[in-house]
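Colleague: One structure is given below, represented as structure tokens, and several questions about it will come after.
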Amino acid sequence: MARSNNLVVPQAQKAIQQMKVEAAQELNVQIPQNGYYGNMTSRETGSLGGQITKKLVQMAEQSMSGQSS
């Protein structure tokens, strides 16, 4: 199956990866070293995605209000 989650800004790859690592540390979830998430539970991957989304929304809100983080 083709991946549909291509980055709009490919240069953001490092930042996205760093956010994954930070979210995993905050949630005490182990990110697989080989990049295969198939052995993780839906709860673990969902919590990572939710945490990243929460941070992205906070960043956007701060940006729109003129505040820095």
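Bear in mind that the values in this text are calculations on the coordinates, not laboratory data. Source: prediction; values computed, not measured. Methodologically, a virtual Cβ is constructed for each residue, glycine included, from the backbone with ideal geometry; neighbour enumeration extends over all protein chains shown.
Colleague: In debye to the nearest 20, how big a dipole does the chain give about its Cα centre with +1 on each Lys and Arg Cβ and -1 on each Asp and Glu Cβ?
Modeller: Approximately 140 debye in magnitude.
Colleague: Using a cut-off of 14 Å between alpha-carbon atoms, which aspartates and glutamates can reach LYS14, once sequence neighbours fewer than 8 places away in the same chain are excluded?
Modeller: Cross-link targets: GLU22.
Colleague: Same structure, new question: How about the chain: which trypsin sites (Lys or Arg not before Pro) there are in a DSSP loop, with at most 16 other Cβ atoms within 10 Å of their Cβ?
Modeller: The qualifying sites are ARG3.
Colleague: Neighbouring Cβ atoms within 10 Å as the yardstick, rank MET59, MET19, MET64 fewest first.
Modeller: Ascending number of Cβ neighbours within 10 Å: MET64, MET59, MET19.
Colleague: With a Förster radius of 22 Å, plug the Cβ-Cβ distance of GLU26 and MET64 into 1/(1 + (r/R0)^6) and report the FRET value to the nearest 0.05.
Modeller: 0.40
Colleague: Which of ASN39, SER63, GLN51 sits closest to the plus end of the dipole of the chain, meaning its Cα is farthest towards the positive end, when Lys and Arg get +1 and Asp and Glu get -1 on the C-beta?
Modeller: Positive-most Cα among the choices belongs to ASN39.
Colleague: Given labels modelled 7 Å from the Cα in the Cβ direction, how far is it in nm from SER4 to THR53?
Modeller: Placing both labels 7 Å along Cα→Cβ, they lie 1.5 nm apart.
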